[in-house]
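The values are calculated or read from the model by the stated rules, or taken from the named source; none is laboratory data. In this text, all values refer to a predicted model and were calculated from it rather than measured experimentally. A quick note on method: Cβ atoms are made from the backbone with ideal geometry, for glycine too, and the neighbour counts reach across all protein chains shown. Keep in mind that these areas ignore ligands, DNA and RNA; they rest on the heavy atoms of the full protein, side chains included. Shrake-Rupley method; radii C 1.70, N 1.55, O 1.52, S 1.80 Å.
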Amino acid sequence: MRRFVQHTGVVVPLDRANVDTDMIIPKQFLKSISRSGFGPNLFDEYRYLDEGVAGKDCSQRPLNRGFVLNHSRYSGCSILLARENFGCGSSREHAPWALDDFGIKVVIAPSFAEIFYNNCLKNGLLPIVLKDAQVEKLFLQVNEEEGYRLDIDLQSQQVITPGGERLEFEIDSFRKHCLLQGLDDIAQTLQYTEEIRAFEVSRMEKVPWLFNKKR
Amino acid sequence: MAAETLYDKLWDSHLICQREDGSALLYIDLQLLHEVTSPQAFEGLRLAGRSPWRPEGNLATPDHNVPTTAKERMSGVEGVADPVSKIQIQTLDDNCSQFAIPEFTMSDPRQGIVHVVGPEQGATLPGMTVVCGDSHTSTHGAFGTLAHGIGTSEVEHVLATQCLITGKMKNMLIQIDGKLRPGVTAKDVILEIIGRIGTAGGTGYAIEFGGEVIRNLSMEGRMTVCNMSIEAGALAGMVAVDQTTIDYVRGRPFAPGEAYWGQAVESWKQFVSDDAAVFDQLIAVDGSRIKPQVTWGTSPEMVQPVDGRVPDPEDEVDATRRKSIEHALNYMGLSANQRLTDIQLDQVFIGSCTNGRIEDLRQAASLVKGKKVSSLVKQALVVPGSGPVKAQAEREGLHRIFREAGFQWREPGCSMCLAMNADKLGPGEHCASTSNRNFEGRQGFHGRTHLVSPLMAAAAAIEGHFIDVSTV
């Protein structure tokens, strides 16, 4: 996994609650068997005026000028500021893949749906939960100041505003360690091979019908 | 020993180790796989030179983008018209074959939606842990099972290690007492609950559904309730094991046979919450007050009883919520205070992992029998959840009832629940749907979904608009 230590970037505000993963990446793009290439179709139904079709050249499509990702003041953005319950709905990991492919490395919201939150962490993306009032204040600041940027420091678990304000956030210590080191989950778990084997043996004794074909 | 909840017991019986950093390794008894969220996981295995820990700890079937017309299904994968879908379905076959993973291929009579197939085959059993790269895996919790959706990286992790890195959730009990009115079903119960606690109300919790209403539901009804736990934000929903559970499981192909049956039943009976178990949150619902539900908006929490009206954003004090309502009304082409029964419907969809089982089809057929689909409805689809559901329905003659009324009778798959195949809504079309999500574009570009029960969808197909089936 790609490491995440520190990040500085332009913030784009998406002022909507309950943004679901169907919205982040519509289902017609889920037919790909690859992990990359989803960026041009991120928020497809909002970024473009026409219907998105897999394989269509997005550079030729009519843009929805009203959608924030199409506003020039947010070009090159890499931090998405969102509202509560971001990433709800489907478990599709294509959602963080699409965000990442587009260039978003950090998502800040008052709350996230759990599967989405987990999926981000497995892909080197950092989902940050801040308090409602803090998020509200960031929305005001982003709207006021063109080119508004934030510094994110994972080690100290802080979001640092241009004004020097430091907003602390929580993160599970195991996930933080994995992100800072860029560790592969599977390789780490396989260090527990003996424990898993031993557990499996005891499970076979307790619930043999799950393992034994004899009926 | 301290009193434990059903979830505590499931957690404890699968915990390999609790690590100092707060993360835990949990053993996974069964992983279900489908074509959409598994290809990148298999590719990851190959790139790292790994192989599955226990191939038979998995079961695969293509469901999300399989075509549902008999014509396209006749010649197997080769017959799939969409070339991109064809590659994805073929890739699942190839991966399962390479790694010796049991699969019901598209042509197998047991193929269907993973969450219909698992319970139907007895692959889902009480006391298990079940995961799948699909959020509606919560369905399997109906068996006193810990079951939830995971992402593709986790699918790869479970393939490689047969366990999941996870953390323990909090416990919530939703107690639904009383007796349901005639015409009110499991779907209405869960929609009512989602409307009440909201789409993030269950975030961080494993929800146990209990009470008289749940005890009186069939296994299929319980599956409908657990299926939509995720729509209330909870990864996992579950119901304690009782005689209904055990009777349902008996004799299914993957269920324990006589050699283990007695031992298995004895072990399953422990999967109930202790009387003194403490829940972090308790919600009580009076089942006798629940009416048939209809969603009017673009989130499952945007729901009202069928005799209600579309809300007025002016009445909402919270700015973010008001904006959500305004946005939803605009997308859905509805106006504030409009009666739900006045919405003109263009399509009807009966199917999905929520409501594509035999009892759902029987209920819908009972209302459709001898009637005709309204001329205002352009298309009405019935898509059985699996091959065995379809075969059973045909043995009972349900397909004839639907066809004679003007419904199309299709082959099993996810179909218009998420419209990855050719079954979809046109822009602006309103659909009465027995599926689980009314998100924007979910059933087709600019399509407008109204989530309802199979009875409500069947009645809506006949009338061309919603009616209160509890008063018919």
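Restricting to the range B:348-359, name every residue that is more than 15 Å from B:Ala393 (Cα to Cα) and either open to solvent by 10 Å² or more (accessible area, probe 1.4 Å) or assigned to a helix (DSSP H, G or I) (or both). Steps first, answer last, please.
Taking the range B:348-359 first, the residues more than 15 Å from B:Ala393 (Cα to Cα) are B:348-349, B:352-354.
Answer for the range B:348-359, where residues must be more than 15 Å from B:Ala393 (Cα to Cα) and either open to solvent by 10 Å² or more (accessible area, probe 1.4 Å) or assigned to a helix (DSSP H, G or I) (or both): B:Ser352, B:Cys353, B:Thr354.
Name the single residue that is farthest from A:Arg149 (Cα to Cα) among those in the range A:107-119 being touching a Gly at 6+ places or on another chain (Cβ under 7 Å) and not in a helix (DSSP H, G or I).
Looking at the filtered set, the residue picked out is A:Ala113.
Being open to solvent by less than 70 Å² (accessible area, probe 1.4 Å), within 23 Å of the chain's Cα centre (by Cα) and closer than 24 Å to A:Asp20 by Cβ narrows it down to one residue among B:Ile246, B:Ile283; which is it? Walk me through it before giving the result.
Details: B:Ile246 fails: closer than 24 Å to A:Asp20 by Cβ.
Sole residue among the options that is open to solvent by less than 70 Å² (accessible area, probe 1.4 Å), within 23 Å of the chain's Cα centre (by Cα) and closer than 24 Å to A:Asp20 by Cβ: B:Ile283.
Could you tell me whether any residue of the range B:230-252 is among the basic types (Lys, Arg) and more than 14 Å from every other protein chain (Cβ to nearest Cβ)? Spell out the reasoning first.
Here is the first cut: in the range B:230-252, the ones among the basic types (Lys, Arg) are B:250, B:252.
If we keep only those that are more than 14 Å from every other protein chain (Cβ to nearest Cβ) too, we end up with none.
Within the range B:230-252, none of the residues are among the basic types (Lys, Arg) and more than 14 Å from every other protein chain (Cβ to nearest Cβ).
Out of B:Ala255, B:Ala259, report the one residue that is open to solvent by 40 Å² or more (accessible area, probe 1.4 Å), hydrophobic (A, V, I, L, M, F, W, C) and within 14 Å of another protein chain (Cβ to nearest Cβ). If you could, list the steps in order and put the result at the bottom.
Numbers: B:Ala255 fails: open to solvent by 40 Å² or more (accessible area, probe 1.4 Å).
After applying the criteria, what remains is B:Ala259.
Checking the condition aliphatic (A, V, I, L, M), open to solvent by less than 30 Å² (accessible area, probe 1.4 Å) and either under 16 Å from the mean Cα position of the chain (by Cα) or in the same structural domain as A:Asp132 (by TED's automatic domain parsing) (or both), which residue from A:Leu14, A:Leu49, A:Leu63 passes? Show your work before the answer.
Values: A:Leu49 fails: open to solvent by less than 30 Å² (accessible area, probe 1.4 Å); A:Leu63 fails: open to solvent by less than 30 Å² (accessible area, probe 1.4 Å).
That would be A:Leu14, the only listed residue that is aliphatic (A, V, I, L, M), open to solvent by less than 30 Å² (accessible area, probe 1.4 Å) and either under 16 Å from the mean Cα position of the chain (by Cα) or in the same structural domain as A:Asp132 (by TED's automatic domain parsing) (or both).
Among the residues of the range B:203-239, how many are surrounded by fewer than 24 Cβ atoms within 10 Å (Cβ to Cβ), within 15 Å of B:Asp177 (Cα to Cα) and in contact with a Gly (Cβ under 6 Å, 6 or more places away or on another chain)?
0
Name the residue, out of A:Gln158, A:Gln191, that is within 16 Å of A:Val106 (Cβ to Cβ) and out of contact with any helix residue (DSSP H, G or I) (no Cβ under 8 Å at 6 or more places or on another chain). Walk me through how you get there before you give the answer.
On the way: A:Gln191 fails: within 16 Å of A:Val106 (Cβ to Cβ).
Testing whether each residue is within 16 Å of A:Val106 (Cβ to Cβ) and out of contact with any helix residue (DSSP H, G or I) (no Cβ under 8 Å at 6 or more places or on another chain) leaves just A:Gln158.
Please find, among B:Ile174, B:Ile197, B:Ile190, the residue that is open to solvent by 20 Å² or more (accessible area, probe 1.4 Å) and more than 9 Å from chain A (Cβ to nearest Cβ).
Values: B:Ile174 fails: open to solvent by 20 Å² or more (accessible area, probe 1.4 Å); B:Ile190 fails: open to solvent by 20 Å² or more (accessible area, probe 1.4 Å).
After ruling out the rest, the residue left standing is B:Ile197.
Please find, within the range B:420-470, the residue that is nearest to B:Thr37 (Cα to Cα) out of those that are without any contact (Cβ under 8 Å) to a residue 40 or more places away in the chain and either within 21 Å of the chain's Cα centre (by Cα) or open to solvent by less than 30 Å² (accessible area, probe 1.4 Å) (or both).
B:Arg442
This table checks each residue for (1) within 23 Å of B:Val382 (Cα to Cα); (2) outside any helix (DSSP H, G or I).
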{"residue": "B:Lys71", "(1), (2)": "yes, no"}
{"residue": "B:Ser85", "(1), (2)": "yes, no"}
{"residue": "B:Gln88", "(1), (2)": "no, no"}
{"residue": "B:Leu92", "(1), (2)": "no, no"}
{"residue": "B:Cys96", "(1), (2)": "no, no"}
{"residue": "B:Ala100", "(1), (2)": "no, yes"}
{"residue": "B:Thr105", "(1), (2)": "yes, yes"}
{"residue": "B:Asp108", "(1), (2)": "yes, yes"}
{"residue": "B:Val116", "(1), (2)": "yes, no"}
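Pull up the range B:4-47, narrow it to residues that are away from chain A (no Cβ under 11 Å) and of a type in the set (Lys, Arg), then point me to the one that is least open to solvent (accessible area, probe 1.4 Å).
Step by step, filter the range B:4-47, then rank; the result is B:Lys9.
What number of residues within the range B:311-329 are without any contact (Cβ under 8 Å) to a residue 12 or more places away in the chain and hydroxyl-bearing (Ser, Thr, Tyr)? Outline the logic, then answer.
Looking only at the range B:311-329, we keep the residues that are without any contact (Cβ under 8 Å) to a residue 12 or more places away in the chain, and these are B:315-323.
If we keep only those that are hydroxyl-bearing (Ser, Thr, Tyr) as well, we get B:320.
Total meeting the criteria: 1.
From the set of residues in the range A:98-119 that are small (Gly, Ala, Ser) and facing chain B (nearest Cβ under 10 Å), which is least open to solvent (accessible area, probe 1.4 Å)? Let's see the steps before the verdict.
Let us first name the residues in the range A:98-119 that are small (Gly, Ala, Ser), namely A:98, A:103, A:109, A:111, A:113.
Narrowing further to those that are facing chain B (nearest Cβ under 10 Å): A:111, A:113.
Working: A:Ser111: 39, A:Ala113: 15 Å².
Taking the candidates together, the pick is A:Ala113.
State the number of residues belonging to the range B:131-152 that are among the hydroxyl-bearing types (Ser, Thr, Tyr) and either surrounded by fewer than 24 Cβ atoms within 10 Å (Cβ to Cβ) or farther than 30 Å from A:Arg197 by Cβ (or both). Before you say what the answer is, go through the steps one by one.
The initial filter retains those residues of the range B:131-152 that are among the hydroxyl-bearing types (Ser, Thr, Tyr), namely B:135, B:137-139, B:145, B:152.
When the remaining residues are screened for being either surrounded by fewer than 24 Cβ atoms within 10 Å (Cβ to Cβ) or farther than 30 Å from A:Arg197 by Cβ (or both), the result is B:135, B:139.
Total meeting the criteria: 2.
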